[in-house]
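Step one of this worksheet: look at the structure below.
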Amino acid sequence: MKSRDEKSCLSRLLLKNILQRLFSTLLLLVTVSFFTFWLMRATPGNFFDSLRLNPQISQATVDHYEKLYHLKDPLLVQYGHWIINILHGEWGYSLYYNVPVTHVLGSRLWNTFILSFASLVLTWGIGIPLGILGALYRNKWCDRLLSILSFAAFSTPGFFLAVLVLYAASRWGGLPLGGMHSPNYDDMNLFDKIKDTLLHLIIPATVLSLSSMASLQRIMRGNMLGVLRQQYILAARAKGLPENIVIYRHALRNAFNPLVTLLGYEFAALLSGAALIEIVCSWPGLGSLLLTAVRSKDVFLVMSSTLLASVLLIIGNWLADILLTWVDPRIRYDRKI
């Protein structure tokens, strides 16, 4: 049993760790948002430059909106107004779509979540078993085949692979070639709607997960090979334990621990990595939305999308820390992370 002084010391350390995390989180969000705001301001022109060429829109109207959104104010003044609006729960107004930013993000966030979640399930559900298989049959034909496929997935750009898969699907005719729903989606029942969405999800989710799957398979194989050489694995086998228990109860858990930290990066990387795949596969997600916002100089939509991606990265890192603590009993929050 821990004494009262020890518990009090652990509580202070925990509170200090939480405060440090909160401070670093706020510093990261401010840095990323300001740097994004500066880049949008540093590039020439703004959204209203295209409106000046429209003879149906007067110069007074353009000047009014530039003053309304503080586009002629200094950089720090513009950024300060944006920060104040964010603190009041106002994410700004999308100039390109002519609706509040929250409406645009809300309609696309669920679509990207579906694609990212499906890709994450495929990556970890297939990459981990393939890595274990490659370690158990090292230098055998299956391990060599997995190595060839992994290097092929590494070297092939995702958008090019998406084009190849779409071409193969057009010749085969068994899968939808783009979009998220069929034209008659609204007339379907619930079961047919789910089936239709899953069919449209197969190509973009598979293409998006191939590169991550190959990387995860190689990392898992290397970790597993390192763990299988440890003394406690030899001792477990010397005791006569079944091979399944040695592999999946003793070796797998320790080989899996380093991979948990990758979850934080996978959680946010899928948001940015899906942009080209969404464009090629016509998937209406946040990636293609961000590209449209950058091209149209829709500064408030770009800022909100970047802030959302930063929040996802932070949540992913926190999730990885929690999972690593749960998976590895040697890690405790009474230590400085």
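The values are calculated or read from the model by the stated rules, or taken from the named source; none is laboratory data. The shown structure was predicted, so the numbers you read here are calculated from the model rather than taken from an experiment. We place every Cβ from the backbone using ideal geometry, glycine too, and count neighbours over all the protein chains shown. Accessible surface areas use protein heavy atoms only, side chains included; no ligands, DNA or RNA. Shrake-Rupley method; radii C 1.70, N 1.55, O 1.52, S 1.80 Å.
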Among (1) 19; (2) 23; (3) 35, find the value of percent of Cα pairs over 38 Å apart that was calculated from the structure presented, and write down its label.
(3)
If I model a spin label at Val62 and His81 as a point 7 Å from the Cα along the Cα→Cβ vector, what separation in nanometres do I get?
1.8
If you stretched the chain out fully between Ser107 and Glu90, how much longer would it get, using 0.36 nm times the residue separation minus the C-alpha to C-alpha distance?
4.4 nm
Among Lys140, Lys193, Lys239, determine the one that fluctuates most according to a GNM of the chain built with springs between C-alpha atoms less than 10 Å apart.
Lys239
Quote to one decimal, in nm, the extra length available between Ala238 and Leu177 on full extension: 0.36 nm per residue of separation minus the C-alpha distance between them.
16.5 nm
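Quick test of the membrane-span-like rule: which DSSP H helices of the chain reach at least 24 Å along their long axis (C-alpha atoms) with mean Kyte hydropathy at least 1.0? Intermediate results must be reported in sequence, preceding the final value.
Details: long enough: 4-42 (56 Å, 0.67); 101-136 (50 Å, 1.36); 190-228 (48 Å, 0.81); 299-327 (41 Å, 1.93).
In the chain, the long hydrophobic H runs are 101-136, 299-327.
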Could you pull out every residue, at least 5 positions away or on a different chain, whose amide H is within less than 5 Å of the one on Tyr93? Hs are placed 1.01 Å off N in the peptide plane, and Pro or chain starts have none.
Val101
Taking only protein heavy atoms and a 1.4 Å probe, what accessible area per residue, in Å², does the chain have with all protein chains in place?
60
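Arrange the residues Trp91, Trp141 by how much accessible surface each exposes, largest first, with a 1.4 angstrom probe. Let's see the in-between values first.
Numbers: Trp91 75, Trp141 195 Å².
The ordering from most to least exposed comes out as Trp141, Trp91.
Suppose we take every Cα in the stretch 32-140 and form the convex hull; what volume per residue is that in Å³? Intermediate values should be presented prior to the final figure.
Numbers: hull volume 21.5 nm³, N = 109.
Looking at the stretch 32-140, the number lands at 198 Å³ per residue.
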Calculate the FRET efficiency for Phe34 and Val99 from the Cβ-Cβ distance with a Förster distance of 25 Å, rounded to the nearest 0.05.
0.45
Which residue fluctuates the most in the chain, going by a Gaussian network model with Cα springs under 10 Å, if the choices are Ala205, Ala235, Ala169?
Ala235
So, R0 is 25 Å and r is the distance between the beta-carbons of Lys195 and Ser170; what FRET efficiency does that work out to, to 0.05?
0.75
Pick from Leu319, Leu22, Leu95: which is most flexible by mean-square fluctuation in a GNM of the chain where alpha carbon atoms under 10 Å apart are linked?
Leu22
If I model a spin label at Val121 and Lys16 as a point 7 Å from the Cα along the Cα→Cβ vector, what separation in nanometres do I get?
4.4
Considering only protein heavy atoms and a 1.4 Å probe, what is the carbon-and-sulfur percentage of the accessible area of the chain?
67
Lysine pairs in the chain with alpha-carbon atoms under 18 Å apart, 8 or more places apart or on different chains: how many are there?
5
